[in-house]
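What follows is a single structure, written as structure tokens, with notes after it.
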Amino acid sequence: MSYSKPVRLLLGTILVCGLSLSAKANEPTKLSDSWEQWRGPNRQNHSTDTGLIDDWNATPPKLTWTASGMGKGYASVSIKDNRLFTTGNLPEGQAVIAVNTDDGKILWKTNLLELNPEHGYPGARCTPSIDGDRLYAIASNGAIFCLSTADGEIIWQKNFEEEWDGKMMSKWGFSESPLIDGDRVLCTPGGKNAMMVALDKTTGREIWRTAVSDLGEKGKDGAGYSSIVISNGAGVKQYVQLTGRGVIGVRASDGKLLWHYNPVANGTANIPTPVISGDYVFCSTGYKTGSALLKLSKDGDGVKAEEVYFLDAKTLQNHHGGMILYKDHIYCGHGHNNGFPLCLNLKSGKV
């Protein structure tokens, strides 16, 4: 999304993010029918769309529509059927916006907050998560909302600070996109006694919370700017998240903290969503920190995470995310406030 207002949604711009277009420039296909959460299916940033244009100079994509009045922010988009959802800061407050992908017309806007939160780099951050006729979004002040996809009606909401003593590691606002898993919605309030919580997606009722004690010296207490991913590493279903003190693994069944890894944390902003590959977890942060590959294995009735390798910041530091795993290789941008293209062998760590 654009960082200025109004946001202009260009079909070609969305396609750059991995969606398809007919090879005939005059016959653009519609957007993918299903991209229902941050980074798409399984949060891997992989699209199944086909028919991508090989040469944009010879057959440039056709501009199909633009939409203004989308607000200010850093959110991506979610898509289901012919509807696109995102979040943005409007003059009247932070909102979820629904757009018809056939013509770019705004279907509805729902204010999550009456005022836009005051924090650095103002703007909405969350990419909504869609589940059937409902969607879930987190406002940057730290509150999770459940809305109707049909008309934007708010069904329930919970405030992180009030419910769980939630906090961010630093001053730039909550940035997580909630995870839907079965009958649950997962999010990261960042509290000592509730770093992560699982809620009943229908009612918002708390199912469990994850308490954390000492996660290490590096970084800061609180939530990071990342989003939760699912791992079945070591044969145990768990939720993996990058927090203010590094990466954690939380048992899906009861919210127990299984393992944590501190060396990849920095004290400013831990941002990239971790990448999962079988028993492995790849993580990276900026601010002169670096990257690491962890291997998960059974440890009694729990799981332990062992460092396979650590790469210093000169070799690989991914600042703002966008890492993709494809055929045992990590593709990402490298450098603090930079995005130099880089390909890394996942298992060996060789660039």
Do any residues in segment 188-206 that are over 17 Å from Asp165 (Cβ atoms) and of a type in the set (Lys, Arg) have Cβ atoms under 8 Å from those of residues that are surrounded by 15 or more Cβ atoms within 10 Å (Cβ to Cβ) and modelled with pLDDT of 95 or more, where the two are at least six apart or on different chains, and which pairs are they?
Lys201/Asp131; Lys201/Arg134; Lys201/Tyr136; Lys201/Cys146; Lys201/Ile180; Lys201/Arg184; Lys201/Val185; Arg205/Leu199
Scanning segment 101-139 for residues that are touching a residue at least 60 places away in the same chain (Cβ under 8 Å) and touching a Gly at 6+ places or on another chain (Cβ under 7 Å), the one farthest from Val77 (Cα to Cα) turns out to be Gly123
Strands (runs of 3 or more DSSP E) within segment 234-351 that include 1 or more residues closer than 24 Å to Ile207 by Cβ, at pLDDT 95 or above and more than 20 Å from the chain's Cα centre (by Cα)
257-261, 290-299, 302-312
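For segment 185-200, what are the residues that are part of a loop (DSSP other than H, G, I, E, B) and surrounded by fewer than 24 Cβ atoms within 10 Å (Cβ to Cβ)? Give the derivation first.
Just the residues of segment 185-200 that are part of a loop (DSSP other than H, G, I, E, B), to begin with: 188-190, 192-193, 195.
Scanning segment 185-200 gives Lys192, Asn193.
If a residue must be farther than 14 Å from Gly93 by Cβ and either more than 19 Å from the chain's Cα centre (by Cα) or not in a strand (DSSP E or B) (or both), how many such residues does segment 103-148 contain?
Here is the first cut: in segment 103-148, the ones farther than 14 Å from Gly93 by Cβ are 103-108, 119-121, 125-136, 138, 142, 144, 146-148.
Filter once more, keeping what is either more than 19 Å from the chain's Cα centre (by Cα) or not in a strand (DSSP E or B) (or both): 103-108, 119-121, 125-128, 132-133, 142, 148.
Selection size over segment 103-148: 17.
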Specify the residue that is modelled with the highest pLDDT; the eligible residues are those in segment 33-61 that are exposed (fewer than 15 other Cβ atoms within 10 Å of the Cβ), of a type in the set (S, T, N, Q) and within 18 Å of Leu325 (Cα to Cα).
Asn42
Conditions (1) in contact with a Lys or Arg (Cβ under 9 Å, 6 or more places away or on another chain); (2) buried (at least 16 other Cβ atoms within 10 Å of the Cβ); (3) hydroxyl-bearing (Ser, Thr, Tyr) -> Ser213 fails only (2)
Taking only pairs six or more apart or across chains, which ones have beta-carbon atoms under 7 Å, a first residue in segment 53-75 that is more than 20 Å from Lys105 (Cα to Cα), and a second residue that is modelled with pLDDT of 95 or more?
Tyr74/Gly123; Tyr74/Arg125
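The values are calculated or read from the model by the stated rules, or taken from the named source; none is laboratory data. From a predicted model like this one, the values you see are computed outputs, not experimental measurements. Reconstructed Cβ throughout: ideal geometry from the backbone, glycine too, with neighbour counts over all protein chains shown.
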